[in-house]
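A short worksheet on the structure shown next.
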Amino acid sequence: MSANEDSNAYWSANVRLILISLVIWALVSFGFGIILRPLLSGISVGGTDLGFWFAQQGSILVFLALIFFYAWRMNQLDKEHGVDEE
Amino acid sequence: MDQFTLNLLFVGASFALYIGIAIWARAGSTSEFYAAGRGVHPVTNGMATAADWMSAASFISMAGLIAFTGYDNSSFLMGWTGGYVLLALLLAPYLRKFGKFTVSEFIGDRFYSPTARLVAVICLLVASITYVIGQMQGVGIAFGRFLEIDAFWGLLIGACVVFAYAVFGGMKGVTYTQVAQYCVLITAYTIPAVFISLQLTGNPIPALGLFGSTESGEPLLAKLNQIVTDLGFAEYTAAHGSTINMVLFTLSLMIGTAGLPHVIMRFFTVPRVSDARWSAGWTLVFIALLYLTAPAVGAMARLNISDLMWPNGTNAEAVSVEQIETDPEYAWMATWQKTGLLGWEDKNGDGRIQYYNDANADLQAKAEANGWKGNELTNFNRDILVLANPEIASLPGWVIGLVAAGGLAAALSTAAGLLLAISSAVSHDLLKGQLTPNMSEKSELLAARISMAAAIVVAVLLGLNPPGFAAQTVALAFGLAAASIFPALMMGIFSTRINNSGAVAGMLAGLVVTLLYIFLHKGWFFIPDTNSFTDADPLLGPVKSTSFGAIGALVNFAVAYVVTNMTKETPQHIKDLVESVRVPRGAGQAVDGH
């Protein structure tokens with residue numbers, strides 16, 4: 001059944017996109033903001049280090065970009081796979 | 001015009017605006033009451049969700065917690081914004097496609113079990129009521145300040161106002177009111193921050209000012225680090241707590257954000273599935289406007305307070321009692337003293353108030369040499385920082401009035417949204433869905449309003465002994481939502497396998513274990529001295545009670561998986577339902593499930 005195959009392809013493309021996005025999500029917050037902060041301590045930003053910037057500002061900006069990217073890409077996928085709302 | 005009249009004027013005018021809108025958009029049918037007929041544009045919905053979401057915790061409490069701990073409380077910033085990524089990617093579009101009114105309806109249908117729906121209602125009530133406690137604290141402080149009375153009376157007056165306000169409209173009234181509230185609260189938060197950023201760094205954008213330089217060319221954060229360490233406090237930008245606890249705490253707040261019913265409910269109100277995705281993004285845009293400003297507010301306020309207490313630098317004499325009592329720059333201290341949330345005491349009788357960290361061993365010698373007998377700024381409730389901030393920076397009176405109105409807008413909008421979620425859980429899911437299915441629309445609306453009143457009474461009673469500052473109380477609510485609701489929703493969408501027994505067992509396990517951990521550390525029902533452990537020395541290594549939600553969620557997933565494997569497979573029609581939720585096509589107007 002091609003319809004079924006296509007909806008499987010749509011779903012796995014979606015899951016792949018979600019996974020990539022969540023890796024970035026975790027990297028900027030738990031990674032750069034907390035766990036990897038000591039590694040970034042050499043890069044200074046306004047009187048402190050890059051990890052502090054990620055924890056208090058950078059991660060929020062990346063989150064924003066991620067959500068809009070996901071919404072844009074999913075709307076494309078909806079159309080490609082013919083599952084968008086008419 | 002004196003400050004008291006000015007505050008009343010601003011608060012009164014903003015209230016008149018909200019009530020006017022609520023009356024204009026009064027809900028007629030149950031469908032309008034819960035989901036505003038699904039006619040809300042994503043940007044409008046984003047703005048309303050942002051107001052709904054940003055509560056007393058974000059507005060009144062968060063910057064204060066960051067100000068006094070610095071980097072370690074970055075968890076609030078990352079956690080409360082990062083949750084929207086989870087919401088946008090993992091939940092919002094699918095729940096909109098499913099097309100029902102409430103979160104528990106989805107859980108009940110997906111797990112083909114009235115028991116699952118009932119358990120979801122219980123989880124939702126526990127998390128929401130804990131959340132309302134935090135809001136009530138904020139309302140109490142804001143009313144206490146602008147009426148210049150004790151915070152306890154502020155709490156009682158606030159409870160009456162919240163109730164009167166929440167019963168007026170349903171979601172539709174609330175949606176447009178919340179758009180107005182967003183505008184009020186973001187203006188109120190930004191204007192003083194811009195003034196203060198200009199004063200300290202010359203940069204009109206607080207988020208840039210935070211990483212900018214002071215007049216002398218020294219970076220703001222470096223100067224702040226210097227001053228707080230001089231006074232014996234922990235360095236502002238350095239990490240002090242446990243890394244594991246910080247990761248778990250941030251994760252709890254993130255998962256909790258995506259599991260809170262009153263936020264998820266908002267995504268039922270957009271017209272289309274693709275709008276649900278955009279709507280989450282717009283919500284975060286409006287939230288980020290405040291969240292990018294908050295760390296600047298915290299750092300700059302901390303600097304201003306230290307400067308006020310040590311007007312000639314940390315190596316000169318401290319501020320004198322006489323100056324605090326007579327200098328208009330210090331007038332805010334006397335007004336806040338009336339709320340019982342700020343206090344000072346000249347312990348060594350030298351006529352000056354020394355503000356320093358008396359628990360720091362390195363400062364003992366200096367203290368002895370100077371004849372200091374302990375920190376004399378004896379009480380500084382973190383929750384007053386944002387409201388007091390414009391006064392601390394000697395900003396004009398109208399800014400102070402505006403901030404009072406903004407703080408109340410934040411607390412009220414969230415309290416109203418939560419009460420709506422609570423009332424729909426009781427009247428729609430519990431009564432109509434389970435106990436009395438033949439209930440008329442009219443009695444359903446009546447039941448909704450009665451449950452709102454009951455929820456406020458419970459929240460006020462428990463709020464008399466709050467388990468922490470407003471944002472910390474709210475963090476506990478997030479832990480509960482993280483451990484109970486989010487895993488069930490996520491498994492319901494991303495797995496066709498998890499069955500009714502698995503979901504019920506998972507939710508109960510997550511809720512019970514998290515609630516138990518919280519009560520063990522914060523006291524049973526938050527009653528003082530009934531706790532067996534403290535957050536300074538928690539039961540599980542570094543894991544504080546506010547961070548346990550992430551572990552609770554893990555327990556939920558694990559239990560659901562194991563129980564599913566031991567019980568009967570999910571029927572085919574449910575698997576088909578899950579498949580259909582995953583594709584946007586065919587999402588019509590949502591229908592009532594009965």
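Read the figures in this text as sums done on the coordinates, not as results from a lab. Only a predicted model underlies this, so the values are computations on that prediction, with no experimental measurement involved. So basically every Cβ, Gly included, is an ideal-geometry build from the backbone, and we count neighbours across all protein chains shown.
Taking every C-alpha pair closer than 8 Å and separated by at least 6 residues, the mean separation divided by the residue count of the range A:2-80 gives a relative contact order of 31 percent. Compactness check for the range B:71-113: Cα Rg over 2.2 N^0.38 Å is 1.58. Here the calculated FRET efficiency for B:Ile244 and A:Trp72, from their Cβ-Cβ distance with R0 = 41 Å, stands at 0.70, rounded to the nearest 0.05. Given +1 at the Cβ of Lys and Arg, -1 at the Cβ of Asp and Glu and no other charges, the dipole of chain B around its Cα centre is 2760 debye to the nearest 20.
For the range B:117-271, what is the per residue volume of the convex hull drawn over the alpha-carbon atoms, in cubic angstrom? Don't skip to the end; give the middle numbers.
Values: hull volume 31.8 nm³, N = 155.
That works out to 205 Å³ per residue.
Placing unit charges on the Cβ atoms of the charged side chains and taking the dipole of the protein assembly as shown about its Cα centre, the candidate lying farthest along the positive direction among B:Phe519, B:Thr5, B:Ala127 is B:Ala127.
If the reach is capped at under 27 angstrom between alpha carbons, list the lysines near B:Lys544, excluding any in the same chain fewer than eight residues apart. Candidates past the 8-residue exclusion: B:Lys522. Simple rule: put +1 on each Lys or Arg Cβ and -1 on each Asp or Glu Cβ in chain B, find the dipole, and look at B:Ile551, B:Thr283, B:Pro487; the Cα lying farthest toward the positive end is B:Pro487.
Can you pull out the GluC sites (Glu not before Pro) in the range B:303-363 whose DSSP state is coil and whose Cβ has at most 15 other Cβ atoms within 10 Å?
Working: sites: B:Glu317, B:Glu322, B:Glu325, B:Glu329, B:Glu345; in loops: B:Glu317, B:Glu345.
Counting only loop positions with at most 15 other Cβ atoms within 10 Å, the GluC sites (Glu not before Pro) in the range B:303-363 are B:Glu317, B:Glu345.
Note on B:Glu218 and B:Leu435: with the Förster distance fixed at 51 Å, the Cβ-Cβ geometry gives a FRET efficiency of about 0.20.
Of the two radii for the range B:385-429, the radius of gyration is 1.31 times the Kirkwood radius, both from the alpha carbons; that is the Rg over Rh value.
For B:Arg352, the residues 5 or more places off, or on other chains, whose built amide H falls under 5 Å of its own are B:Val321. Enclosing the Cα atoms of the range B:89-192 in their convex hull gives a volume equal to 149 cubic angstrom per residue. The value given for the range A:2-80 is a Kirkwood hydrodynamic radius of 14.2 Å, derived from the mean inverse Cα-Cα separation. Comparing B:Gly83, B:Thr250, B:Leu446 along the charge dipole axis of the protein assembly as shown, the residue lying farthest to the positive side is B:Leu446, per the Cβ-charge model.
Remark: the protein assembly as shown carries a charge dipole of roughly 2120 debye about the Cα centre, counting +1 on each Lys and Arg Cβ and -1 on each Asp and Glu Cβ. Take each residue of peptide B:79-86, count the partner chain Cβ atoms within 10 Å of its Cβ, and average: the result is 6.
Given 0.36 nm per residue, what is the gain on full extension from B:Glu345 to B:Leu198 after removing their alpha carbon distance, in nm?
Numbers: separation 147, 0.36 × 147 = 52.92 nm, distance 3.28 nm.
That pair, B:Glu345 and B:Leu198, stretches by 49.6 nm at full extension.
Report the paramagnetic label zone for A:Leu27: residues of the range A:46-86 whose backbone N is under 19 Å from a point 7 Å from Cα along the Cα-to-Cβ axis. Those under the cut-off are A:50-71, A:73. Remark: spin-label model distance B:Tyr112-B:Ala331 equals 7.0 nm, labels positioned 7 Å along the Cα→Cβ axis.
To make sure I understand the rule: partners must be aspartates and glutamates, Cα under 18 Å from the Cα of B:Lys366, and not fewer than 8 residues away in the same chain. Which ones qualify? The reachable aspartates and glutamates, counting only those whose Cα sits under 18 Å from B:Lys366, are B:Asp230, B:Glu317, B:Asp346, B:Asp350, B:Asp358, B:Glu376. A Förster radius of 45 Å, combined with the Cβ-Cβ distance separating B:Phe15 from B:Glu569, puts the computed FRET efficiency at roughly 0.25. For the range B:310-380, the spread of Cα positions along the three principal axes, ordered from largest to smallest, is 34, 23, 19 Å.
Is there a simple number for the mean count of other chain Cβ atoms within 10 Å of the Cβ of residues in A:22-35, and what is it?
Values: counts 4, 0, 1, 5, 5, 0, 2, 12, 8, 0, 0, 9, 11, 4.
Mean shielding by partner chains, rounded to a whole number: 4.
Can you give the average number of partner chain beta-carbon atoms within 10 Å of each beta-carbon in peptide B:265-274, as a whole number?
Details: counts 0, 0, 0, 0, 0, 0, 1, 2, 6, 7.
Partner-chain Cβ atoms within 10 Å, mean over residues of B:265-274: 2.
Each Lys and Arg contributes +1 and each Asp and Glu -1, all at the Cβ; summed about the Cα centre of the range A:2-80, the dipole is approximately 220 debye. Straight Cα distances below 14 angstrom link A:Lys79 to the aspartates and glutamates A:Asp6, with same-chain residues fewer than 8 positions distant left out. Here the Gaussian network model covers chain A, with springs between Cα atoms less than 10 Å apart; of A:Gly51, A:Gly33, A:Gly42, A:Gly42 fluctuates the most. When Rg and the Kirkwood Rh are both derived from Cα coordinates, the Rg/Rh ratio for the protein assembly as shown amounts to 0.98. Angle, helix B:361-370 long axis vs. longest principal axis of chain B, Cα atoms, 0 to 90°, nearest 10? The angle comes out at about 30 degrees.
Which values, in whole Å and largest first, are the semi-axes of the equivalent ellipsoid of the range A:47-86 obtained as the square root of 5 times each eigenvalue of the Cα gyration tensor? Could the numbers behind the result be given before it?
Working: eigenvalues 251, 9, 4 Å².
Semi-axes from the Cα gyration tensor: 35, 7, 4 Å.
Given the alpha-carbon gyration tensor of the range B:479-594, what are the semi-axes of its equivalent ellipsoid in whole angstrom, ordered largest first, with each equal to the square root of 5 times an eigenvalue? Walk me through the intermediate numbers first.
Details: eigenvalues 242, 49, 27 Å².
Taking √(5λ) for each eigenvalue gives 35, 16, 12 Å, largest first.
From the Kirkwood radius over Cα pairs of the range B:423-502, Stokes-Einstein at 4 °C and 1.567 mPa s returns a whole-number translational diffusion coefficient of 84 µm²/s. Computed over chain B, the range of Cα coordinates on each principal axis works out to 79, 52, 43 Å, biggest value leading.
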